[in-house]
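The structure under discussion appears below in the form of structure tokens.
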Amino acid sequence: MRLSTRRSLVAACAIALALGAGAARADDPRRIATIDMVGQASVSAAPDMAMVQSGVVSDAETAGEAMTANTAAMSAVVARIKDAGIEGRDIQTSGFSVSPRYRRLKDTEPGDYRSEIIGYRVSNNVSVRVRDLANLGALLDAMVRDGANQVGGISFIVSEADSLKDEARKAAMADAMRKANLFAEVAGVQLGRVLSINEQDFGGPRPQMMMARAEMAADGAPAPIEAGETSLQVRVNVTWELDQ
């Protein structure tokens with residue numbers, strides 16, 4: 001390599017290193033002091049609606065017989081639901097299945113077993129939105145009496161949950177500010193501008209569930225239902241810059 005070429009390469013490397021060092025200094029600002037705080041609050045509200053999971057399970061020797069029996073029973077259940085004042089928009093099929101039923105048999109060889117199909121099962125389930133909780137017990141009673149042999153549960157709903165949570169959001173923010181000011185005062189600094197506010201999603205109010213069985217209407221009285229209250233929780237993460 002010629003001497004002039006070698007000098008040119010050395011000069012180019014020196015310039016590149018100088019530019020890189022300058023860029024590193026330019027991208028290294030003074031670190032900002034911050035404080036992160038979590039605020040929490042909750043409000044209680046009485047549910048005003050409910051979702052009921054109900055359906056019919058039918059067993060028979062053939063899939064066709066099981067389907068015929070299930071269709072007749074489920075049609076009666078849906079008709080009774082509508083007779084109870086539930087609109088069609090509040091009734092939705094939530095599950096349908098046809099599956100074989102097996103019996104385990106011991107084979108001729110010791111310790112060997114085999115399975116054989118002994119029939120079929122058809123299951124049809126609906127989700128029912130109940131907008132008048134006063135009629136919920138009577139509706140459950142009517143569904144069971146007209147063929148529903150599977151009631152999966154009841155979830156209570158607060159229809160205006162998001163609006164009600166606005167009060168909890170304000171209280172959660174106030175809680176975060178109170179704690180942040182306390183820490184800042186003890187540390188001898190002051191809160192500056194807010195850098196970020198993030199609300200943690202609790203996934204809505206936790207539903208209150210009630211398992212029910214077909215026997216609940218055996219004594220002829222509507223099933224007793226208590227909706228109680230639902231807690232709507234809010235949590236926020238807030239970050240402030242600190243003035244020192």
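Among the residues in segment 47-60, are any on the phi < 0 side of the Ramachandran plot and in a loop (DSSP other than H, G, I, E, B)? Scanning segment 47-60, I find at least one residue that is on the phi < 0 side of the Ramachandran plot and in a loop (DSSP other than H, G, I, E, B), so the answer is yes. Among all residues of segment 69-76, there is none that is open to solvent by 40 Å² or more (accessible area, probe 1.4 Å), at pLDDT below 90, outside any strand (DSSP E or B) and of a type outside the set (Gly, Ala, Ser). Restricting attention to segment 32-46, the residues that are modelled with pLDDT under 90 and either in a loop (DSSP other than H, G, I, E, B) or among the acidic types (Asp, Glu) (or both) total 2. Evaluate segment 61-72: report whether one residue or more is free of Cβ contacts under 8 Å to residues at least 12 places away in the same chain and touching a helix residue (DSSP H, G or I) at 6+ places or on another chain (Cβ under 9 Å). Checked against the condition, which is being free of Cβ contacts under 8 Å to residues at least 12 places away in the same chain and touching a helix residue (DSSP H, G or I) at 6+ places or on another chain (Cβ under 9 Å), segment 61-72 yields no hits at all.
One line per residue, one yes/no per condition, for (1) more than 17 Å from Leu139 (Cβ to Cβ); (2) under 34 Å from the mean Cα position of the chain (by Cα):
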site: Ala63; (1), (2): yes, no
site: Asn70; (1), (2): yes, yes
site: Val77; (1), (2): no, yes
site: Lys82; (1), (2): no, yes
site: Ile86; (1), (2): no, yes
site: Gln92; (1), (2): no, yes
site: Pro100; (1), (2): yes, yes
site: Ser115; (1), (2): yes, no
site: Arg121; (1), (2): yes, yes
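Identify, please: which residue in segment 98-126 is of a type in the set (Gly, Ala, Ser) and open to solvent by 50 Å² or more (accessible area, probe 1.4 Å) and is, among those, farthest from Val151 (Cα to Cα)? Applying the filter and picking the extreme gives Gly111.
Which residues, counting only those in segment 157-180, are within 18 Å of the chain's Cα centre (by Cα) and of a type in the set (Asp, Glu)? Of everything in segment 157-180, those that are within 18 Å of the chain's Cα centre (by Cα) and of a type in the set (Asp, Glu) turn out to be Glu160, Asp162.
Counting only residues that are open to solvent by 40 Å² or more (accessible area, probe 1.4 Å) and in a strand (DSSP E or B), which one in segment 128-161 is nearest to Val57 (Cα to Cα)? So the residue we want is Gln150.
Condition check: surrounded by 15 or more Cβ atoms within 10 Å (Cβ to Cβ), over 30 Å from Val43 (Cα atoms) and in contact with a strand residue (DSSP E or B) (Cβ under 9 Å, 6 or more places away or on another chain). Does Gln92 satisfy that? For Gln92, the condition - surrounded by 15 or more Cβ atoms within 10 Å (Cβ to Cβ), over 30 Å from Val43 (Cα atoms) and in contact with a strand residue (DSSP E or B) (Cβ under 9 Å, 6 or more places away or on another chain) - is not met.
The values are calculated or read from the model by the stated rules, or taken from the named source; none is laboratory data. These figures come from a predicted structure and were not determined experimentally. Cβ coordinates were reconstructed from backbone atoms using ideal geometry, including for glycine residues, and neighbour counts include every protein chain displayed. Just the protein is used for accessible areas: all its heavy atoms, side chains included, with ligands, DNA and RNA removed. Shrake-Rupley method; radii C 1.70, N 1.55, O 1.52, S 1.80 Å.
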